[in-house]
Structure formats: C-alpha cells, structure tokens
Amino acid sequence: MTAKSDLTRRGFIGTSAALTALFASGIPLAAQGTDSLTIAYNVPVQSWDPTTGPAAVNPALQSIYLAVYDRYIAQRPDLTFDAGLLTDWGFSDDKTKLTMTVREGVKWHNGDDFTPEDVIWSLERAANPDTGNPMQFVWSKIGNFTVNGNVITADVLSFEPALFKWMAFLTAFILPKKYYEEVGTEGFEKAPIGTGPYMVDAFEQGAYVRLKAFADYWGGAPEFETVTVKFVTDAASRVAEIESGNSDVTSNMPYEEYDRLIAKDGLSGEAIPVTDIGMIFLNDIDVMLDKNVRLAAHHAIDKQLIIDRLLRGYGVPLATLEAPGYAAYDDSITFDYDVEKAKELLAASGYSTDNPVTFTIQTTRGFKPKDYEMIQAIVGMWRKVGIEAEIEVYEIAKHYELRATDTLAPAAFYNWGNSIGDPSTSTGFSMFGPSPHAVWDSPDLIEKIGPLFVEPDEDNRIQGFKDVSRYIAEEGYVIPILQYVMPVVYASSLAVTPYTSGDLLPQAITKA
C-alpha cells in the first residue's frame, strides 16, 4: 500500500438488480474455486465494440476490453510501451510513411488466423466517419496501405505526432475482419471475439460478464480459467461484495472504506496515483461566458481541504489538465485558493452572497470515490462567495451522451483519463473545440491548440501545450481539481499488479 504522505512524491506507476440477475442466471454469488475469480466492477459494459460509439472512449471500460481484445501496441504497468499485435512500428525520417510489423502466430477466439488484413481493416474502419468512432480524426490521418509479408506500409496523410501512442489508447483495438463481416454488427455484439487472453462466455446486460481463458492466447495462459465480472455501480455495494467474500477484487470505493477494509484479516490493497484527473468542464454558455464567474468559481475551491477531509489524503491537487508524469506537466503553473479574490471577481460582475450567480453542475454519484460528495463540498464553498449551484446527478453514460452533443450543463464534473500521458490527449482533446470531447469552443483556444496537433518538433509541441495550459488557467476555461489515487481491495490470497493507467486487468491478477 502506498503511504498517503508519499503520494505527491510518487511517480505514476451494480446494483441490487444486477446481483439479482446474476443469481437468476445461475452464476454463483460467492467467489469460489481456485481456478475462478470474481471482480466487482464499477461500470457496466454497454457495447462489445471497443472502437466505435461513446462506450469506446470510456477509460473505465478499457480493463474489460483488454481482457478480450488486443491493441496494436501494448502498455506496461508504468505506462511505457511494449509490443502488442504489432511488434515493430515507426515513421520514415521525412514523416511521409509509416511501417508496422504484424505479430505472427496469433489466433482469433474462433480459431481463425490473425492477419495483416485484420490490422488494415480495423484501421480503415476506425477512420470511417460512418462507424461513429469518436477518434475518427486520429485514424483518418493514415491511408493507402500495402502489405509485404507481415509488414504493413502506409502513407501519412496528415502527420499526427502521437499516432503510435494512440495505438495503445482509446479505440486502438484490432477486430476480426472476416468474422465481423460474416456476422455483422448485431452478430458481433451477441458473440464478440478477439485475440485477448479471455473469451466472452456469458453476458447479461447491466449485470455481469463471464470470461473463459483462451487456450491459444499468444501471450500465455492467464492465471484463472474463469473470471466473472459483476457490474456493481454502487460503491457501498462493492464494499459489501468484497467484505462478504462474494467478490475477490474490487476498486474505487470511498477511501475511509479502503483504509478500513485493508486492516481486516484476509484483505489487502493497493492505492496508487493513476492517470485519471478529476475536473469540472465549463461549457461556454450562460453565466460561464463571464470570465469573472469562471475564475471566481476556481479560486473559491480549496482542493487540498477536499483531498484531506473527503479523500483521507489520497489525491494530488492540480492547476492544469496535465498531471505529474505527463509529458507537458509544468509545476510552475499554479492557481491559488483565494476566497477574497473570488468575492472581488464576482462583485465586479454584480454578484454577491445577497445576489448570487446561479447555474447547474452535473456529477456522477459513486462512479469515482466521493465524486458526489466532492461536488457537494464545492457547492458549499461556492455558496460562501456568492455562487448558488444546483447539483444534477447522472450516470456516466449520460455524461458521454451530453458531451458528444455539446449539451452539458454550464458545469459538469468528470474524471479525464490519459493513460499515454501525452498533452494532445489531455489538454488537447478536452479543450479543442472541434474535438468530440470538448465543450469549450472559443476561437482563441482553437487557434492555439490546432497547430500543436501537427507540430513535428517535439520540444516545440510540448512547450506549446505548456503555454496553452497556462493560458487556459488564466482565462478560467476549465477547473482542474485533482489527480486521483485508485484504491483496489482484494483477497489476501491474490496478487494484483497495479497499472498507472487505472486499468484493473483480470490477466494481471494472480494467486499470491
């Protein structure tokens, strides 16, 4: 377990209905058997296509996808990269071509051979705007593929500096061309296959997925023959699952529960800083068009107090959307907690505690530790300076829906995941107006961020993003809160490899 006092020095390294459905399906509720593992997970699988639609960009679902599918490029627990279904990759010196060497001897779950054609088809499908891939604009930057043996060559249509990093990130999974074309979209949802360590054996929407080890997995057999992932969205229910022994592993519970649970005989835990950032999106509508309101809302938040009181010290306060370990993190960019400054800013726009500015803030409840409680605390801090915010609770899937259609409330709490640590996938995509993940659309940011997506000089690109982060803080376009620490609790008979990405991989869980 990581000591709370060490956090700032450390580098990155359902519901009752769901349980009822499990019981009705014949899946045992208790975690039993030396060859089986049960995980209580905080978010349900909405789709088995990991490359298209809102679910594909949900960082919390990547753990389950990574059990069934493989990415082009793999990632180690410390965020460094490793060979996946590609064993070698790179740009030509003039950045006009790229080559990818495809792993040989890999099988799909139905026994078919994995081929370079699967790679090309997956990349072309991801680049097709008709498929609904939110990252289409990344994958569409390469094309004109040719194959020579197991080596793929492609043209760089528009240089993307982080392209190969993206191949280890969201929507970067390879799907089976032949099988998908045979069964179609609906057939694939009913019977998905991948090349990963586990096969989907049974699935109940909103309740659970049962995975079976894939005997021909190219990376070697996982420890457990059967893994049942229960979808338990309520944090208290996940605590009950692990405490009762009905589940062997769970995560993202309140930190006071984490401390209590790991003190019990038979339970152990890990709590490490991960690449998730708790932040408040500000939408460029209504009162948020007033810079004084935006800055006042930020100055009024005592982030360290929230971490100390609500999160028991588990967290790192942030001033930008770049966290320690990210390529463009700059610790010289700060943002002070200053109640008097917040009051002065609001007064300049005619607001006070007697005449408060009002708006809605949206948040999940139980998706991340103390998410709702943090927003309650922030709303209380705001009230003291002249901000009256009404809390609206929604499920994480609703957040993605609203964000994709740019219909979020003036303020919306979210956890931004960036497991590759690149500024284009943190500050870049979250704040660049044309991105499907951004809600602040002002032309000044578009002009500043746009050129950085194609900047060939790496030093200039990183410094450019640092400069943009400073500008965003000065303008108050977003409110970063903290870098999360992810608590994982598990039976002491197990060993869990923690991933700085926040992934909780079934194949990374072994017997102690």
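The values are calculated or read from the model by the stated rules, or taken from the named source; none is laboratory data. Since the structure is predicted, the reported quantities are computational estimates derived from the model, not experimental observations. Here the Cβ is made from the backbone with ideal geometry for all residues, glycine too, and neighbour counts use every protein chain on show.
Annotations
- Criterion applied to 54, 28, 50 was being more than 30 Å from residue 308 (Cβ to Cβ), at pLDDT below 90 and in contact with a helix residue (DSSP H, G or I) (Cβ under 6 Å, 6 or more places away or on another chain), and the one residue passing it is 54.
- Residue list for region 112-140, filter: surrounded by 18 or more Cβ atoms within 10 Å (Cβ to Cβ), part of a loop (DSSP other than H, G, I, E, B) and within 27 Å of the chain's Cα centre (by Cα): 133, 134, 135, 140
For (1) farther than 28 Å from residue 210 by Cα; (2) surrounded by fewer than 20 Cβ atoms within 10 Å (Cβ to Cβ), each residue gets a yes or a no:
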position	(1), (2)
227	no, no
268	no, yes
274	no, no
277	yes, no
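- All conditions in (1) hydrophobic (A, V, I, L, M, F, W, C); (2) in a strand (DSSP E or B); (3) out of contact with any helix residue (DSSP H, G or I) (no Cβ under 9 Å at 6 or more places or on another chain) hold for residue 168, with the sole exception of (2).
- Index of the failed condition, residue 82 passing every other in (1) surrounded by fewer than 13 Cβ atoms within 10 Å (Cβ to Cβ); (2) more than 30 Å from residue 273 (Cα to Cα): (2)
- Residue check for residue 435: part of a helix (DSSP H, G or I) and within 18 Å of the chain's Cα centre (by Cα): no
- Being of a type in the set (Val, Ile, Thr) and not in a loop (DSSP other than H, G, I, E, B) holds for only one residue in 375, 333, and it is 375.
- The condition (being assigned by TED's automatic domain parsing to the domain that holds residue 287, within 23 Å of residue 52 (Cβ to Cβ) and either touching a Ser or Thr at 6+ places or on another chain (Cβ under 6 Å) or in a loop (DSSP other than H, G, I, E, B) (or both)) is satisfied by just one residue among 406, 354: 406.
- Tabulated pairs, region 211-238, first of a type in the set (Asp, Glu), second buried (at least 19 other Cβ atoms within 10 Å of the Cβ) and not in a strand (DSSP E or B), C-beta under 7 angstrom, 6+ apart or interchain: 234/14; 234/366
- Test: residue 172 is buried (at least 21 other Cβ atoms within 10 Å of the Cβ) and closer than 26 Å to residue 503 by Cβ: yes
- Here is the figure for region 456-471: residues that are in a helix (DSSP H, G or I), within 14 Å of residue 161 (Cα to Cα) and among the acidic types (Asp, Glu) total 2.
- Residues of region 143-165 that turn out to be in a strand (DSSP E or B) and within 18 Å of the chain's Cα centre (by Cα), as a count: 0
- Considering region 302-357, and only residues there that are touching a helix residue (DSSP H, G or I) at 6+ places or on another chain (Cβ under 6 Å), closer than 19 Å to residue 373 by Cβ and of a type in the set (A, V, I, L, M), the residue that is surrounded by the fewest Cβ atoms within 10 Å (Cβ to Cβ) turns out to be 310.
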